[in-house]
Every structure is written in structure tokens, then in C-alpha cells.
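The values are calculated or read from the model by the stated rules, or taken from the named source; none is laboratory data. All values reported here derive from a predicted model rather than from experimental measurement. Methodologically, a virtual Cβ is constructed for each residue, glycine included, from the backbone with ideal geometry; neighbour enumeration extends over all protein chains shown.
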Amino acid sequence: MARHLAACVAAAALVAALCAAAASVVAAQPPRPLPSNYHVITPGKYRRDQQLACNDDKTNKTACMAKCDRRCPNQCIVLCPGCKTFCMCDFYPGVSCGDPRFTGGDGNNFYFHGKKDQDFCILSDASLHINAHFIGKRNPAMSRDFTWIQALGVRFADHRLYMGAKKTAKWNNDVDRMKLAFDGAPIDIPTEIGAVWQSDAVPGLTVTRTAPTNGVRVHLKGVFDIMANVVPISEEDSRTHNYGVTDDDSLAHFDLGFKFLDLTDDVHGVLGQTYRSDYVNKLSVSSKMPVMGGAPNYAVSDIFATDCAVARFVGAAGIATVVTSRAY
């Protein structure tokens, strides 16, 4: 128990350090480095069991070896010298990873499978609406699709922000597969850590590279932070889980982290409802795979549509002034 508590405390401290570093980038300042005992393992073009040697400079103990857990083979964080490893998806509420596994605003994990090639409302509030496009594969032995989030459509005021993972046959982490657009115009950012794009129409909206390729932080001041990483389904993952990945499609998708700063208590959506003060989790949290059903309630007609049954979005009314006043 004590070891688990210590790991949670360390993870919380790390999240704070990461957020502080990201904030300094948006302010057009050099990014604040992580503490010296934190290291990120991103296998990329290397083999999946890439390891990191953690040396203890205070003792002469033999260096321990750390590698990413099977649950997060694409990227993880290591705390040296103890070789404690944390999955990027386990840090804070508002996370979505894999066959979408969410961490709700109430802190509980749950799955939402949806359906492949369809769009679903992840969050809907009076001034913010976020849809997700699902891709997937059908396993004949199962009654559902394997699904992953391939794109996000974000609505606020009269603006539309698109974030997508490009379809990729052969995955190479050195090639950027991120597609971004704002109000229909492409967002182009140099492929280097810390590079920043800032909107002329909404100065409080920035996109910052968190990795040279396939990683960004999208920030709307006073409204939201979205951390997005494009990752593939590996051949090993496919064999282990029987995903059925083929040579012509690596099923590139998003691992996501959301932070919301100005939600009302009427917010809804697959993830949004878990932030309500009156939300009651009726899922079996002790289950190995607690699943949120009711997919028809969250279905929308396209990536930017606000026609789901639980929609709360009212568009520009009530947000235009908020966004512009907070942007400066």
C-alpha cells in the first residue's frame, strides 16, 4: 500500500512538472526542463523493449534497467534511480487511451467502444463541444468492434478545430502523422519540440509541439488543454489482442489527455458527464472492463455536428466574450 501511495505521489508531482513546462512554452519562453531524475522512453524507430539505465550517482549500486509496461509500449516516463515507470495515460482525469479507455472526472476508469467509422460526442457544454471519430476492426468472434479515436472535432464560439491522425500503412515515429486545421485552414508547425502556432483570430489558442513528431498540446486559455499523441497498433499488440491489423493500415490513432477549465454543471457527453457534481457512476468499477453503454445517445452525424441526444452546445452565445477577454 505504501509503495502504491508513493508511486501515486510521484506521478502527481510529475504531472505538475509537465504542466509547468508546457505553460512556459505557450508563453513563448524556453520550455522548463523536467527534473533530472525523470526520463521519457519513446521507442519510436527502436525495438519495443527499449530500456533505460538508471544510475544512482549517490551510491555505487549497479544501475537498474527500466522499460515501458506492455500497457503503454509507445511512450512512458521513468523516475530514476528507482526505475519506477509510469504510463502516460495514467496521470490525471480526462484521459483516453487505446480501445477507448477513459479516466472520468470522478477518477474512475471505463471503456466506451462506440462503432468504427462513426462519430460520437465526447463532451458537450454550453460553450464547448468535442466529438471523436472512431476507427476500428471487427473481430468475427465478438459482438462489437475494436475501436480507437482517430480524430477530434472541437467547437467553441463560431470556431472549429480539427485534430486527426493520418492513415498510415507502415509506421515510422520519425514521420509526423498529425493533421491539424482551424476554421478550415491547415495548421503548420515546425517539427521540433517547443515549436508554437498561435491563432490570429483567437490569440488565446495555441498549439505546441511536445515531441518533434506526433505529439502536440492544444491550449485555449481559460477553457481547455488537450494533450494528443498519435500512436499505431503494433504487430505485437495485434497478435496479443487479436486486432487483425493488416499491412496496409497500422490503425494510427490518438492517445489523449484533457483538462477542462470552465465547465458548467450541465455538461454531458461520454466523458463530459463524469464532471457533473450530480454524476453517479453506475458502472462496475471493480470489473476488469467497465463499459459505458448507450452509444446512440452520443452519436452525431459528423465530426463537427452537435446533434447528439445529450447536446448542450449553444454556439457563440455566451462564449465569444469569454474567449476574447481571456485570450489576452
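So that you can scan it fast, the table gives a plain yes or no per residue for (1) at pLDDT 75 or above; (2) assigned to a strand (DSSP E or B); (3) under 14 Å from the mean Cα position of the chain (by Cα):
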residue	(1), (2), (3)
89	no, no, yes
110	yes, yes, no
114	yes, no, no
132	yes, yes, yes
141	no, no, no
150	yes, yes, yes
Working only within the range 279-305, note down all residues that are at pLDDT 95 or above and β-branched (Val, Ile, Thr). 300, 303
Evaluate the following for residue 149: is it at negative phi, assigned by TED's automatic domain parsing to the domain that holds residue 226 and touching a Lys or Arg at 6+ places or on another chain (Cβ under 8 Å)? no
When you check residue 134 against the structure, is it out of contact with any Gly (no Cβ under 8 Å at 6 or more places or on another chain), crowded, with 18+ Cβ neighbours inside 10 Å, under 23 Å from residue 267 (Cβ atoms) and hydrophobic (A, V, I, L, M, F, W, C), yes or no? no
Failed item in (1) within 18 Å of residue 121 (Cβ to Cβ); (2) under 22 Å from the mean Cα position of the chain (by Cα), with residue 249 passing the rest: (1)
Which listed residue is within 23 Å of residue 267 (Cβ to Cβ) and surrounded by 16 or more Cβ atoms within 10 Å (Cβ to Cβ), from 152, 180: 152
From the list 269, 222, which one is loosely packed, with under 15 Cβ neighbours inside 10 Å, assigned by TED's automatic domain parsing to the domain that holds residue 119, in contact (Cβ under 8 Å) with a residue 40 or more places away in the chain and not acidic (Asp, Glu)? 222
